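Structure record follows, encoded as structure tokens.
The values are calculated or read from the model by the stated rules, or taken from the named source; none is laboratory data. Nothing here was measured: the structure is a model prediction, and the numbers come from that model. Neighbour counts are summed over all protein chains in view; Cβ atoms, including those assigned to glycine, are modelled from backbone coordinates with ideal geometry. Only protein heavy atoms, including side chains, enter the accessible area calculation; ligands, DNA and RNA are left aside. Shrake-Rupley method; radii C 1.70, N 1.55, O 1.52, S 1.80 Å.
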Amino acid sequence: LSSADGYLGFPGKKAMSVTYTLSEENEVCLHYHGTSDKKTVLNPTNHSYFNLEGHDSGSEAMESQELWLGASKYTPGSEKLIPSGEIVSVAGTPMDFTTPKKVGRDITADFEQLTNAGGYDHNWVIDGWDGTLRHFATVKAPKSGIVMDAYTTLPGVQFYAGNFIDPEVGKGGATYGRRGGLCLETQYFPDAVHHENFPGCVFGGDTEYDSITVYQFR
């Protein structure tokens, strides 16, 4: 993807690429690279939906899957889901996935962050981020037995439980609806340009954007 200086209000002539690789270890590897001739925001991600019980198994199957996140903190948001700039502990809240639990166990809890988003749609802060490839998530499906491990070089992940999926007919005539799949979108934190305590996502000039995210199945 190439975009001109000023396109959508962002400075710099930009070039972004994503290379998708399938490995012998059952990995889908995503390698992002970006350049700009001026300082600009570069923060791409991937919005794939996963349901390890099968694409046509629906919301109940997705909510029954077990999720672990290597993230002891998250960035709470406003009613419009824009991060406030706070980085808070997940301990003692429905946002805690540091011990594996079913996605649906707490998804309807009386907790302001979940009420605002209709479920999970938040950025988690990956523990120990240092720019190297780190294991940050594991999803397990109880019936199929499929397990997905996720790795990234990025500091954050948006866990989205499909709260706003409008019904749509997909593969084999299956209907994909609300909470029919989940997303693990690796990223720099949303709205990072307005919060100095968030890792920066401004690149350009001598600084190139480069990141790797891996989804491995077993």
> For the range 167-218, which residues satisfy the criterion of being exposed (fewer than 13 other Cβ atoms within 10 Å of the Cβ), acidic (Asp, Glu) and touching a strand residue (DSSP E or B) at 6+ places or on another chain (Cβ under 8 Å)?
Replying inline: Glu168
> Just to be sure, is Ala150 touching a Ser or Thr at 6+ places or on another chain (Cβ under 8 Å) and within 26 Å of Ala91 (Cβ to Cβ)?
Replying inline: yes
>> Can you report the number of residues in the range 1-22 which are in contact (Cβ under 8 Å) with a residue 12 or more places away in the chain, under 22 Å from Cys183 (Cβ atoms) and either in contact with a Cys (Cβ under 6 Å, 6 or more places away or on another chain) or in a loop (DSSP other than H, G, I, E, B) (or both)?
In response: 1
> Looking at this structure, is Asp37 of a type outside the set (A, V, I, L, M, F, W, C) and either touching a residue at least 60 places away in the same chain (Cβ under 8 Å) or under 28 Å from Gly145 (Cα atoms) (or both)?
Replying inline: yes
> Which of the following residues is under 14 Å from Gly181 (Cα atoms) and part of a loop (DSSP other than H, G, I, E, B): Gly54, Gly128, Gly92?
Replying inline: Gly54
>> I need every pair where a residue in the range 104-116 that is polar (S, T, N, Q) has its Cβ under 7 Å from the Cβ of a residue that is assigned to a loop (DSSP other than H, G, I, E, B), sequence separation at least 6 or different chains.
In response: Gln113/Pro76; Gln113/Met95; Asn116/Glu79; Asn116/Leu81
>> Considering only the range 140-150, I want to know if a residue exists there that is open to solvent by 20 Å² or more (accessible area, probe 1.4 Å), assigned to a loop (DSSP other than H, G, I, E, B), in contact with a strand residue (DSSP E or B) (Cβ under 9 Å, 6 or more places away or on another chain) and not basic (Lys, Arg).
In response: yes
>> Just to check your reading of the model, which residue among Thr45, Thr21 is within 16 Å of the chain's Cα centre (by Cα), closer than 21 Å to Thr138 by Cα, at pLDDT 95 or above and not aliphatic (A, V, I, L, M)?
In response: Thr45
> Quick one: what pairs do we get from the range 136-152, first residue closer than 16 Å to Phe97 by Cβ and of a type in the set (S, T, N, Q), second at pLDDT 95 or above and not in a loop (DSSP other than H, G, I, E, B), C-beta under 6 Å, 6+ apart or different chains?
Replying inline: Thr138/Trp68; Thr138/Asp149; Thr152/Phe136; Thr152/Thr186; Thr152/Thr213
> Within the set of pairs 6+ apart or on separate chains, which have a first residue in the range 164-189 that is assigned to a strand (DSSP E or B), a second that is surrounded by fewer than 18 Cβ atoms within 10 Å (Cβ to Cβ) and small (Gly, Ala, Ser), and C-beta atoms under 6 Å apart?
Replying inline: Tyr176/Gly170
>> One residue is enough: does the range 74-85 have a residue meeting the conditions open to solvent by 80 Å² or more (accessible area, probe 1.4 Å), among the basic types (Lys, Arg) and under 18 Å from Thr207 (Cα atoms)?
In response: no
